[in-house]
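First up is the structure itself, then whatever we jot down about it.
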């Protein structure tokens, strides 16, 4: 093991250069013009995995390709074979994604998003924390085993996809088709966060999600606000009044049935929450607001990960250019995503939202609702042997006691791993709360990168028992 | 006079071709890229006025130039000179504007906005009704006098500006500088509408206007809605809730002081309103809404012209592209214009709006308000001799009894004519309610064009008494 750790320590400068090469690909899955860049990024990753010594292939999909890389000689085991052959090593999947969020708005970046910039121990680039840096740490750990000839106590298969930021559409089919080959003890995912460099964390829950696009149609065309203003409802006002009703002054979503299936937090969980080092003051400062706001009766940490949300992601109506244009807009639109928590069913929430909007929509406008991708939340018991092994690996790598936490984000594919492969996921996030994932000036801390490699190296020892 | 009417009748085909040339200039004053087009349009107008026989000059301003064209030998009169010389002809100003609204959204036009298309008796183009067609009708009437050698009973000065759609900023200074030269009995303006081709109208009131841009600032940058959603106010939701409070279910604006100075409608005026041929059903059909909505206690015609409004012209926040982006937007913005009615002071309304928004803005966001151009409403008695002369000219040209009406739109410069030149304005609108002024597929009816020319020809006879 010391060989592995020494190898990691000695090779950080090269790892960083390689990481920069990885970050230079503008692998923005949401934007069609970057299709080629995603392919080039995947090809680079394949070549890199092979160089490390992994048996690697690029799997084409209807969307962007998936990189699959196995430790030499590893073989999946069905439940039956496993029982027959107690001597085979346990098989784990390591999941990651090489695609990134759109970098816009570009003018808010201090340096170009796809030209990595290192300041002290921080590297700035789109995709640095989400998710290239985190999945690369796992690759470097396995490289250390392979290059030092240290026996890996587990068989590993890396699955690194290119559609996470657009709903992982191809991955389900891929898992189904390769169900036997991918059968595993558990899936290891570093695509979330830890509260601080001194608080490594194991995530045991993720929020789900469902997206809506709500459009209110008013007059057949934009109208002159002088000639018609006063006698016709303004769709932008109607939309404001519609949306305004959906959240009360206590931060509760007022849609009947919205909270129907929400599992209450246990006393144990709320105690764990209280251990988190994030204070309201530190959170407020980090995100730059005058005052926090959330559902009454919950701490901000609970609000951010254990409670569902109804979030407006975008508003569009009428004239948005310079100066003014005196019109009554023909229509107004809101893009919405709801974060869901364990037990909530996306379909139930979809129905509740649609029914309520139909009910409260005034007769002066026509309501159009498009419900997009939905994914359930994820919850797993943090007290099982795998979770305990992960906690030990975290403690060894980071040198301090890790905490258990719920994640506010969504990794819809975690449910697919459970459903298709029957495998739970270990969420070993390496991101920091101020890493600006999905925002301008996304960054990754090089301590997280290095300690993440060590954590990964320890993990396979701990998991193998 | 018959010579004049015959000349008009015989020359319609040529007039139409010239009108098309005028419409082809994309003279969009709000868009800097069209500066040259505005200048080219003004130059064309100067050449055209000279060809008609008017003494014409192009007056440079800080913005777009103003075209000034006088009937030969006409001379303004100060009050004193006028008294000394009873034999001089009365001097009238004819105001118009050659600038047009932005044509966007382009995809909603059935044909390109600056390529005039004639279908039956209708001509489609941006600026056709607002205001090129209307001011061109007056030019054609004076051409008929000059080309047939018919003595004009009035001296006329055409003032055709290029900044009406952006607040007529240069015109006030122009009026002040040329106060003596422009001294006149009254200003004739055809830049409004009539209810139908069988209902020619004299407008005796215009609404005023004041513009606001309201921005709510939340987090310092767009935030990941998974990592932070639930604990921080969403500026788009905060904006919706702010705006939603400003109008109640009876269509009343709830801003304290907003209605303070509104002059109530007289019984006589409400009776005149009742004569208007527009029904709720016809209005609803024309603008393509399921149901009208306005301030309770007033007819839709009253709502559209005699009551103030608070209209959202545009909404902007967060992600507006394809698909979804899971962010909490950093800010949200609304563009607003309020239409004002007689007696309301823009400054009072500005203060009332700003004070109320400041009062109700939640502490979770930072409010930024920009108050733009403001203009008072206009109201003049419709019973004076000039108004009566105008009504007679309308009746002769259109062959039916004209009606008196308030206009819902704003022509801020009307107040400047009153303030600087001491002159009332005669609003002889030639537009129809479905002309799509400020909307895609703007149009002008060729009957209005032709009868408008006749009305203008009669007008100078009637005004001279």
How many residues does the stretch A:282-303 hold that are facing chain B (nearest Cβ under 7 Å), at pLDDT below 95, part of a helix (DSSP H, G or I) and out of contact with any helix residue (DSSP H, G or I) (no Cβ under 6 Å at 6 or more places or on another chain)?
-> 1
If we scan the stretch B:314-331, do we find a residue that is away from every other protein chain (no Cβ under 13 Å) and under 26 Å from the mean Cα position of the chain (by Cα)?
-> no
Residues in the stretch A:386-411 that are under 14 Å from residue A:204 (Cα atoms) and touching a residue at least 12 places away in the same chain (Cβ under 8 Å) total 15
With respect to residue B:396, is the statement that it is assigned to a loop (DSSP other than H, G, I, E, B) and surrounded by fewer than 22 Cβ atoms within 10 Å (Cβ to Cβ) true?
-> no
For residues that are away from chain A (no Cβ under 12 Å), within 27 Å of residue B:171 (Cβ to Cβ) and outside any loop (DSSP other than H, G, I, E, B), tally how many sit in the stretch B:336-353.
-> 7
Do we have residue A:369 as assigned to a strand (DSSP E or B), in contact (Cβ under 8 Å) with a residue 40 or more places away in the chain, more than 10 Å from chain B (Cβ to nearest Cβ) and farther than 30 Å from residue A:423 by Cα here?
-> yes
Is there a residue in the stretch B:241-248 that is without any contact (Cβ under 8 Å) to a residue 60 or more places away in the chain and under 18 Å from residue B:338 (Cα atoms)?
-> yes
Return yes when residue B:415 is within 13 Å of chain A (Cβ to nearest Cβ), under 24 Å from the mean Cα position of the chain (by Cα) and either within 29 Å of residue B:446 (Cα to Cα) or surrounded by fewer than 20 Cβ atoms within 10 Å (Cβ to Cβ) (or both) and no when it is not.
-> no
Residue that is nearest to residue A:369 (Cα to Cα), among those in the stretch A:319-333 that are out of contact with any helix residue (DSSP H, G or I) (no Cβ under 6 Å at 6 or more places or on another chain) and in a strand (DSSP E or B) | A:333
Any residue in the stretch A:128-147 that is surrounded by fewer than 23 Cβ atoms within 10 Å (Cβ to Cβ), in contact (Cβ under 8 Å) with a residue 24 or more places away in the chain, in a strand (DSSP E or B) and out of contact with any helix residue (DSSP H, G or I) (no Cβ under 6 Å at 6 or more places or on another chain)?
-> no
Tabulated pairs, the stretch A:265-292, first within 18 Å of residue A:307 (Cα to Cα) and not assigned by TED's automatic domain parsing to the domain that holds residue A:402, second at pLDDT below 90 and part of a loop (DSSP other than H, G, I, E, B), C-beta under 6 angstrom, 6+ apart or interchain | A:276/A:195; A:278/A:195
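The values are calculated or read from the model by the stated rules, or taken from the named source; none is laboratory data. Here the structure is a predicted model, which means the values were calculated and not measured. Here the Cβ is made from the backbone with ideal geometry for all residues, glycine too, and neighbour counts use every protein chain on show.
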